[in-house]
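Asker: Structure below; questions to follow.
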Amino acid sequence: MEENLSISNLSPLQVLQFYVDCGVDEVMGDEALDRTQIPEKIFSMPQAAPAGAPASAAAVAAAASPMTAPTSDVTGAIEAMEEARTLAAAANTLDELRAAIDSFKGLAIKRTATQMVFCDGNPKARVMFVGEAPGADEDRLGRPFVGVSGQLLDRMLGSIGLDREESAYISNVINWRPPGNRAPDDAEIALSLPFIRRHIELINPAVVVFVGGVSAKALLETSQGITRLRGKWTELSLPALTQPIPALAMFHPAYLLRSPQQKSLAWADLLSLKNKLRALGVIS
Ligand code: URA
């Protein structure tokens, strides 16, 4: 007998399972959007800028409101960037920075995230790790790097005598989970940069470690990939700090889980970090 594959023959649970199997795992609004009725001009998303290039004003506008921002809404984009910079600069404590990020309305991903993911670890630690963006586990628990890649990060820290609670401080470039765990786009990164830069200033660590290419490229303002950036010591200069901070990029643990053959390079980077911390008197 021929199987009837019409969706109307499925139970609500089967329909839901069908959507999940198709990768539809986020509810973006209460009303379905008829994309055939949306004028192309309104819906068109900006062209992706080359990696490392500053995000265009139109891209920033779309990050603030991807469904409605016309690509010509340059004024709104400039205002959102200005607001991010002003809010970040005015924060003089971690609590004020957390509140500033929470109050910033310029990022549409805030609306689909469950909660803000701000930091974990010891704010007095001398080494700060900066990752990319929260995933599903982090979104649920409100702390960075608590999923499987976070467990690997913990083991990596442990291998050189660091401990998340005692001797490390952890945050991300982006504080809200991008829906469906997609990578953050250039505009979302641009709007988040003032906050993570201020975050690093407030912690003022002896060393900053960029965990993965997104973090390294964003904070070093380069288009070079992580394969080139990792393992080389560089410096991060921030306006409120009198001294640049020694900085090291390393592979993201999620990448190491997918490509375990690269773990030897990650191990070399961890040893380099350990040596630097010793040289700076952070560890004995
Ligand atoms: N990946 C990141 O970059 N950050 C997290 O917090 C979790 C996964």
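Asker: Of the residues Ile170, Ile200, which single one is surrounded by 21 or more Cβ atoms within 10 Å (Cβ to Cβ) and either within 15 Å of the ligand (Cβ to nearest atom) or assigned to a loop (DSSP other than H, G, I, E, B) (or both)?
Answerer: Being surrounded by 21 or more Cβ atoms within 10 Å (Cβ to Cβ) and either within 15 Å of the ligand (Cβ to nearest atom) or assigned to a loop (DSSP other than H, G, I, E, B) (or both) holds for just one of Ile170, Ile200, which is Ile170.
Asker: Considering segment 103-141 alone, what residues qualify as being in a loop (DSSP other than H, G, I, E, B), over 13 Å from the mean Cα position of the chain (by Cα) and not aliphatic (A, V, I, L, M)? Reasoning before the result, please.
Answerer: Just the residues of segment 103-141 that are in a loop (DSSP other than H, G, I, E, B), to begin with: 104-108, 113-119, 122-126, 132-135.
When the remaining residues are screened for being over 13 Å from the mean Cα position of the chain (by Cα), the result is 104-106, 108, 114-115, 122-126.
Result: Phe104, Lys105, Gly106, Thr114, Gln115, Asn122, Pro123, Lys124, Arg126.
Asker: Out of all the residues in segment 76-90, is one or more more than 16 Å from the ligand (Cβ to nearest atom), of a type in the set (Val, Ile, Thr) and modelled with pLDDT under 95?
Answerer: Among the residues of segment 76-90, at least one is more than 16 Å from the ligand (Cβ to nearest atom), of a type in the set (Val, Ile, Thr) and modelled with pLDDT under 95, which makes the answer yes.
Asker: Among the residues of segment 166-180, are any among the polar types (S, T, N, Q), out of contact with any Ser or Thr (no Cβ under 8 Å at 6 or more places or on another chain) and over 19 Å from Ile245 (Cβ atoms)?
Answerer: Among the residues of segment 166-180, not one is among the polar types (S, T, N, Q), out of contact with any Ser or Thr (no Cβ under 8 Å at 6 or more places or on another chain) and over 19 Å from Ile245 (Cβ atoms), which makes the answer no.
Asker: Still on this structure, I have one more. Only one residue in Ala268, Ala254, Ala216 is in a helix (DSSP H, G or I), within 16 Å of the ligand (Cβ to nearest atom), within 22 Å of Phe145 (Cβ to Cβ) and free of Cβ contacts under 8 Å to residues at least 40 places away in the same chain. Which one?
Answerer: After ruling out the rest, the residue left standing is Ala216.
Asker: Within segment 70-117, take every residue that is of a type in the set (Val, Ile, Thr) and buried (at least 20 other Cβ atoms within 10 Å of the Cβ) and give me the one that is nearest to Ser171 (Cα to Cα).
Answerer: Only one residue fits best here, namely Val117.
Asker: Another question about this same structure. May I ask you to list the residues in segment 117-155 that are more than 12 Å from the ligand (Cβ to nearest atom) and among the hydrophobic types (A, V, I, L, M, F, W, C)?
Answerer: Ala125, Val127, Met128
Asker: Report whether or not Val146 is out of contact with any Pro (no Cβ under 6 Å at 6 or more places or on another chain) and outside any loop (DSSP other than H, G, I, E, B). So that I can check it myself, show each step before the final result.
Answerer: Values: out of contact with any Pro (no Cβ under 6 Å at 6 or more places or on another chain): yes; outside any loop (DSSP other than H, G, I, E, B): no.
So Val146 does not fit the description; no.
The values are calculated or read from the model by the stated rules, or taken from the named source; none is laboratory data. As the structure is a prediction and not an experimental result, all values here were calculated from the model. Virtual Cβ from ideal backbone geometry, glycine too; neighbours counted across all protein chains shown.
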